[in-house]
1. How much accessible area per residue does segment 163-246 have, in Å², with a 1.4 Å probe?
2. Gap in Å between the Cα centre of segment 10-44 and the Cα centre of segment 148-214?
3. Ignoring ligands, DNA and RNA, what percent of the 1.4 Å accessible area of the chain is carbon and sulfur?
4. Taking all pairs of distinct Cα atoms, average 1/r, flip it, and tell me the Kirkwood hydrodynamic radius of segment 190-246 in Å to one decimal place.
5. With a bin width of 5 angstrom, please list the P(r) values of segment 1-54 as percents of all Cα-Cα pairs, from the 0 bin to the one holding the largest distance.
6. If amide H atoms are built 1.01 Å from N in the plane of the peptide, which residues on other chains or at least 5 residues away come under 5 Å of the amide H of His22?
7. Between Arg89 and Asp241, how many nm apart are label points set 7 Å from Cα along the C-beta direction?
8. Please figure out what share of the DSSP beta bridges in segment 162-246 is antiparallel and state it in percent, rounded to the nearest 5.
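The values are calculated or read from the model by the stated rules, or taken from the named source; none is laboratory data. A quick note: this is a predicted structure, and the numbers were derived from the prediction, not measured. Glycine also receives a Cβ, built like all others from the backbone with ideal geometry; neighbour counts cover every protein chain displayed. Surface accessibility is based on the protein's heavy atoms, side chains included, excluding ligands, DNA and RNA. Shrake-Rupley method; radii C 1.70, N 1.55, O 1.52, S 1.80 Å.
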Amino acid sequence: MNDETVDRLTRGLQIIQKARGHRAASDDTFLAWAAARERPLAARVLDLGTGKGAAALLLLARLPSCRVVGVEAVAASHDLAVRNAALNRLEHRFDPRLGDLRDPSVLDGLPPFDLAMGAPPFMPLGSGPLPIEETRAAGRFELRGGVRDYAAAAARHLAPDGVAVILMDGLDRSAVRASDALREAGLHLRRVVAIRPRPGEPPTYRIFVADRGGGPADEEALCVRNETGDALSPEHRAVRDEMDLP
């Protein structure tokens, strides 16, 4: 289609995406990386708001024994996810389902998941201009719920020892919203990873890891570039290598 491109996602994966839509970016990589790190032996994974399937594909490549069920409410994005599964010959491991993650019946009949992951839209309606393109609008604005809905869905479908991994933007108010949402869902915040452009700079993203355990939450930072900004940091290079990025 004229409004789509086929791009390299990793050395071994390709992705079909809208030319002017919501496109694969570093947040997909960091989400999949964090999820894989938390549950390297996960067999059953739930990808909330799977979109075109970028994070799911990255996780499937990183964890070759897992299977991913994705939930996506936007028909255009769901169609891309289905085609991306086929493009990469992963139909047997990636099951994108069209539906609203706030509706428990979307996953009726499925056993609980070892791992749930998602990157909720973080902009409330009215907080900025709504993009005309549907997938961009849904990726940024809380058209069908936000982090509270993602946390509730994760808690609802996780196994008793399951782990939820949620990626948000780096704003302090988003950190408060995410922490509150996980607590209200009955999940305990175990780790927060701040993804910073450079050491000392405010985070671009924060990743929240939660389960049903207890104890204090760990905090860590991952810097994308070194102090001078002229090279990738060693830890970011390690992430890229781990995720097989070109």
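1. It amounts to 49 Å² per residue over segment 163-246.
2. Between the Cα centre of segment 148-214 and that of segment 10-44, the gap is 17 Å.
3. 51
4. Numbers: mean 1/r = 0.0804 Å⁻¹.
That comes to 12.4 Å for segment 190-246.
5. Reading upward from the zero bin: 4, 16, 25, 24, 17, 8, 4, 1.
6. It is Thr135, Arg136, by chain and number.
7. Modelled inter-label distance: 2.8 nm.
8. 70
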